[in-house]
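A short worksheet on the structure shown next.
The values are calculated or read from the model by the stated rules, or taken from the named source; none is laboratory data. These figures come from a predicted structure and were not determined experimentally. For neighbour counting, all protein chains shown are included, and Cβ atoms are generated from backbone atoms with ideal geometry for every residue, glycine included. Accessible surface is based on the protein model in full, side chains and every heavy atom, while ligands, DNA and RNA are left aside. Shrake-Rupley method; radii C 1.70, N 1.55, O 1.52, S 1.80 Å.
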Amino acid sequence: MSHASATMSNDLPLDQSAQPVKAPRYWPAVLLVGIYWAYHFVCHQLELDMLYLFVSRMAVTALVLLAFPLWWLTSRQLRRGDRLFAAAVVILALVAAGLLAVDAKQIPGLIMLGLPAAYTAATVWLLVARRASKATWRTGLAAAICAPLGFITLLRWEGLTGDQHNELHWRWEPTAEQRFLAEREQATRASDSLDEPLVIGTGDWPSFRGPRLDGVVRGVEIETDWQQHPPRPVWRKRVGPAWSSMTLVAGRLFTQEQRGDDETAVCYDAATGNELWAHKDAGRFPEGVSGIGPRATPSFAQRRLYTLGATGHFNCLDAATGRGVWSHDLVADSGGAAASPQSGFWGFSCSPLVTDGLALVYGGGAGKEQLWAFDAETGERRWSVDAGANNYSSPQLATLNGRPQVLFFGDRGLFALEPASGDKLWQAPDTIKAMNAMVQPHLIGANELVVAADGGLMRLDVVPAGDTVEVTQRWSKPARGLRPTFNDFVVHDGAIYGFDEGIFGCLDLATGKRNWKRGRYGHGQVLLLADQDLLLVSAESGELVLLAADPHELRELGRLQALDGKTWNCPLVAHGRLYIRNAEEMACYDVSPEPKSQSPLPSGEG
């Protein structure tokens, strides 16, 4: 072989290696992070159902979390060493972030929030560092991955709002529960018990959403000129976390709270906010998305208070003293078949119903006996029926076609029971169902109901037909209707007022067509003051909004920032005062009309 040919042969690989290497194409990374952020921008503009919003949010996040590393590890345009280097950095950063997290429950949040941010920062670095040296490129990539995950460890995730926005706080800030417990250690109880038994008086509020579970305030007049005479604060205090509402009987305010490792039923003096007694059960429901604590509202009947904690403790208490009369652990009593916090999404949420000498409560679960009736005096079990596996609504008493009956609506459908025996009186068609029902049926007249089925409201006729009862749809889930989630609605003078996800609106009762939809109050609650044609909305932000019950337009009459923090609990109005609470605090406002000044009489008249 000649010297020249040998030289060419030896130099060929060197010449090939000296050719410039094409820069990798990063469009898959840009596409994936673009999908992630575009979804989060667009999804809240589409006003999706809460369930669809949550599921789609999880799906898009999972897509990005899985597809991004799959592309990275399989891309042939990237050097194998660079791919393995970045994968090692991600793994080590996640392990370190997990070790530095506030607690183990925060780790899923680290992954769901931190990794998309790390992928985004890494993509930006890949685009701007195309010509960087290998050392600079790797150093910058490691920093882009580690910085977002490190920053996330400085935060504490405290669940989601109704619109699926993350609630984040600095990790070193005490939680609302910690602040409450610290203050409570220095507080003194007003009294240990009351001597006299409690009796329901006119205008009291003995159960969830009022005496009829319909959110209607009757026989009460409030001040309407909030510009000149806003609600007057009476007291305001921290409380333990819970989504329970309140009941009020004989000047006593009852609710439930989480206090450390105990679920607690508490009695306060309604006039002062001072604690009178507290009944504790060991148990803590740790649901991360919506928060810890009990969900159900206590029910008062015949001098007793009936409470259900989120972990399944069903108690009958002496309402005057808080002493236990009888108690059931629904999970233990059902042999584990009830919907324990481990098997259900949001724990036990049913507000007990007391009627005909029985205390009714829903337990859910995988068995065939989910709605139970106990003797209200002794706690002995009387009857039980199949009512579905995962519901969060409550049984309620209604009179249809002149006959008192217990209504229950959930994933087994809508049905009615004879209160004393539990015998089924009628069952709606299978097409009328609600997955994870949370909203109470509303009685319209003598034999009509409005219920919240999956995807919206429907109006039903419940008509006797010989020995049976026929349930037919008057109208069903109009396209431009209302879609309440855990927000109950009210009905007044031919109109339905309530929430379409996070926006307040009004429907025509006769047709189901939307009259208006404007009030952006988040996932709040509403009460109807029927005597004055008024609506009282407690916004998710803790703001109170007074509205005219006007079927033609949204008319705001007043606003007041009543509480701080996410507010999902139902308020109550009784005896001229408004009581409102959330998972952090509770307050009382005087909303009675201001005394009208009298003009002086003309001289000589008396």
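Some points to look at:
- Near pairs, Cβ below 9 angstrom, 6+ apart or cross-chain, from the stretch 392-415 (over 14 Å from Glu448 (Cβ atoms) and of a type in the set (Asp, Glu)) to any residue that is open to solvent by 10 Å² or more (accessible area, probe 1.4 Å) and not in a strand (DSSP E or B): Asp411/Ala389; Asp411/Asn390; Asp411/Lys433; Asp411/Met435; Asp411/Asn436
To keep it simple, each residue is scored yes or no on (1) closer than 30 Å to Phe285 by Cα; (2) surrounded by fewer than 18 Cβ atoms within 10 Å (Cβ to Cβ).
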| position | (1), (2) |
| --- | --- |
| Gly512 | no, no |
| His523 | yes, no |
| Leu527 | yes, no |
| Leu535 | no, no |
| Trp568 | yes, no |
| Tyr579 | yes, no |
| Tyr589 | no, no |
| Pro593 | no, yes |
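- If the condition is being in contact with a Ser or Thr (Cβ under 6 Å, 6 or more places away or on another chain) and open to solvent by less than 30 Å² (accessible area, probe 1.4 Å), then the stretch 424-439 contributes only Ala437.
- First in the stretch 199-214 and within 15 Å of Tyr306 (Cβ to Cβ), second anywhere and β-branched (Val, Ile, Thr) and assigned to a loop (DSSP other than H, G, I, E, B), Cβ under 8 Å, 6 or more apart: Pro206/Ile200; Ser207/Thr297; Phe208/Thr297
- Flag if Glu223 is charged (D, E, K, R), in a loop (DSSP other than H, G, I, E, B) and modelled with pLDDT of 95 or more: yes
- Output for the stretch 541-565, where each listed residue is under 26 Å from Val239 (Cα atoms) and open to solvent by less than 20 Å² (accessible area, probe 1.4 Å): Gly542, Leu544, Val545, Leu546, Ala562, Leu563
- Exactly one residue out of Leu248, Leu194 is of a type outside the set (S, T, N, Q) and at pLDDT below 95, and it is Leu194.
- Filter result for Thr307 (more than 17 Å from Asp262 (Cα to Cα), hydroxyl-bearing (Ser, Thr, Tyr) and at pLDDT 95 or above): no
- For the stretch 374-414, the set of residues classified as over 21 Å from Ala296 (Cβ atoms), modelled with pLDDT of 95 or more and open to solvent by less than 20 Å² (accessible area, probe 1.4 Å) consists of Gln405 only.
- The stretch 236-259, residues that are under 23 Å from Glu196 (Cβ atoms) and open to solvent by 10 Å² or more (accessible area, probe 1.4 Å): Ala250, Gly251, Arg252
- Ala129 passes every criterion in (1) touching a residue at least 24 places away in the same chain (Cβ under 8 Å); (2) among the hydrophobic types (A, V, I, L, M, F, W, C); (3) touching a Phe, Trp or Tyr at 6+ places or on another chain (Cβ under 7 Å) apart from (1).
- Selection count where residues are hydroxyl-bearing (Ser, Thr, Tyr) and touching an Asp or Glu at 6+ places or on another chain (Cβ under 8 Å), scope the stretch 372-415: 1
- Among the residues of the stretch 502-524, just one is within 19 Å of Ser476 (Cβ to Cβ), among the small types (Gly, Ala, Ser) and not in a loop (DSSP other than H, G, I, E, B), namely Gly505.
- Gly210, sole failed condition from (1) modelled with pLDDT of 90 or more; (2) more than 30 Å from Asp49 (Cβ to Cβ): (2)
- Residues satisfying the stated conditions in the stretch 270-286, i.e. of a type outside the set (Val, Ile, Thr) and either assigned to a loop (DSSP other than H, G, I, E, B) or open to solvent by 40 Å² or more (accessible area, probe 1.4 Å) (or both): Ala270, Ala271, Gly273, Asn274, Lys280, Ala282, Gly283, Arg284, Phe285, Pro286
- Residue within the stretch 94-104 that is in a helix (DSSP H, G or I), surrounded by 17 or more Cβ atoms within 10 Å (Cβ to Cβ) and touching a Cys at 6+ places or on another chain (Cβ under 8 Å) present: no
- Where a residue in the stretch 351-373 is farther than 17 Å from Ile200 by Cβ and its partner, wherever it lies, is of a type in the set (Lys, Arg) and not in a loop (DSSP other than H, G, I, E, B), with Cβ under 8 Å and at least six apart: Leu358/Arg382; Trp372/Arg381; Ala373/Arg381; Ala373/Arg382
- Test for Ala67: is it without any contact (Cβ under 8 Å) to a residue 40 or more places away in the chain, in a helix (DSSP H, G or I), open to solvent by less than 40 Å² (accessible area, probe 1.4 Å) and closer than 19 Å to Ala129 by Cβ: no
- Qualifying residue in the stretch 478-501 (condition: assigned to a loop (DSSP other than H, G, I, E, B), without any contact (Cβ under 8 Å) to a residue 12 or more places away in the chain and open to solvent by 30 Å² or more (accessible area, probe 1.4 Å)): yes
- Pick from the stretch 79-93, criterion small (Gly, Ala, Ser) and surrounded by 11 or more Cβ atoms within 10 Å (Cβ to Cβ), ranking: modelled with the highest pLDDT: Ala88
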